[in-house]
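To start, the structure itself, in structure tokens.
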Amino acid sequence: MPELPEIETIRRGLERETVGRRVKSVDVPQARAVHRNGSRKAFQARLEGVKIKSVDRRALLLVFTLDSGDLLVADIGATGRLQRTTPKDEVTKDTQVVVSFTQGGQLRMADPEGTAEAFVTTPDALLEEVPELGELGLDPVASPVSWTAFAQSLVNHRTDKLKPLLLDQRFVVGLGGLYADEILHDAGLRPDREVSTISTMEIRRLYRSLVEILHEATKHHGTSTDEHPFTDLQGKEGSYQDELQVWGRDGQPCRRCRQTITRQRSGGRVTYWCPSCQV
Ligand SMILES: [Zn+2]
């Protein structure tokens, strides 16, 4: 599942590649992908002829601001992808939406599972469409989070355990299992530690690890492995997989303490961690 560093990688690519371009035409091979707009026609009508002014990210949603005042929202979900293509590139079977620009090729959304979606809405109606956006937590990549803001937001979660807390979008946005495990290992904290038991020093470590790992992984254009597939707009893989300390490394020695990394399953969720140096 793409997490914050992967979606931010796509956003930066879209900012470079689509801002200032005008939409010539829109094809929708899979109408289900635009169901929120009611029909293919309704979706196309609000996009054809408009120009893209900016591309932002709200948690894991990509939000294009259009010169019509509308927003185009793309949610690639767990298995979707966005790609820059030319009209000559073969249209794959899983292609859902094709946006052609007046100058400069196409943007395609595709998803083998068919769950990715796109819709056009207004800034006022966005929250109604996606109510979760009303209670999003910290986003350290979108805007710097101060140490005090971080410590303050922990106060409301004293009885939570650390791993579920990191996965809670109301605390911090965009983390899935991979980066949550890497952050906890970097901070030297057990995934099942309760917030109320961690010291000020440990909170500082958690804060630093959260910010550093998200920035580092974004700099590497995300993580691409068989279990965590990801390609950017150009179809290129990220390189953060070479930096992973615990995720997918069960049975191998911990790079910090040489003890064996464990893979644990609880409640349908898999956690990789080092029982020796995460306390
Ligand atoms: Zn270790």
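Worth pointing out:
- Here residue 223 meets each of (1) within 16 Å of the ligand (Cβ to nearest atom); (2) β-branched (Val, Ile, Thr); (3) assigned to a loop (DSSP other than H, G, I, E, B) with one exception, condition (1).
- Filter result for the condition that a residue is closer than 30 Å to residue 269 by Cβ and of a type in the set (S, T, N, Q), over 9, 85, 65, 95: 9
- Only residues that are surrounded by fewer than 15 Cβ atoms within 10 Å (Cβ to Cβ) and either near the ligand (Cβ under 10 Å from one of its atoms) or part of a loop (DSSP other than H, G, I, E, B) (or both) were counted across region 256-275, and they come to 7.
- Yes/no for residue 234 being open to solvent by 70 Å² or more (accessible area, probe 1.4 Å), touching a residue at least 24 places away in the same chain (Cβ under 8 Å) and in a loop (DSSP other than H, G, I, E, B): yes
Yes or no, residue by residue, for (1) crowded, with 18+ Cβ neighbours inside 10 Å; (2) at pLDDT 95 or above; (3) under 25 Å from residue 236 (Cβ atoms):
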{"residue": "20", "(1), (2), (3)": "no, yes, yes"}
{"residue": "29", "(1), (2), (3)": "no, yes, yes"}
{"residue": "49", "(1), (2), (3)": "no, yes, no"}
{"residue": "54", "(1), (2), (3)": "no, yes, yes"}
{"residue": "63", "(1), (2), (3)": "yes, yes, yes"}
{"residue": "83", "(1), (2), (3)": "yes, yes, yes"}
{"residue": "86", "(1), (2), (3)": "no, yes, yes"}
{"residue": "95", "(1), (2), (3)": "yes, yes, yes"}
{"residue": "100", "(1), (2), (3)": "yes, yes, yes"}
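- Of 199, 266, all but one fail to be closer than 19 Å to residue 1 by Cβ and without any contact (Cβ under 8 Å) to a residue 12 or more places away in the chain; the exception is 266.
The values are calculated or read from the model by the stated rules, or taken from the named source; none is laboratory data. This is a predicted model, so every value here is computed, not measured. For neighbour counting, all protein chains shown are included, and Cβ atoms are generated from backbone atoms with ideal geometry for every residue, glycine included. Just the protein is used for accessible areas: all its heavy atoms, side chains included, with ligands, DNA and RNA removed. Shrake-Rupley method; radii C 1.70, N 1.55, O 1.52, S 1.80 Å.
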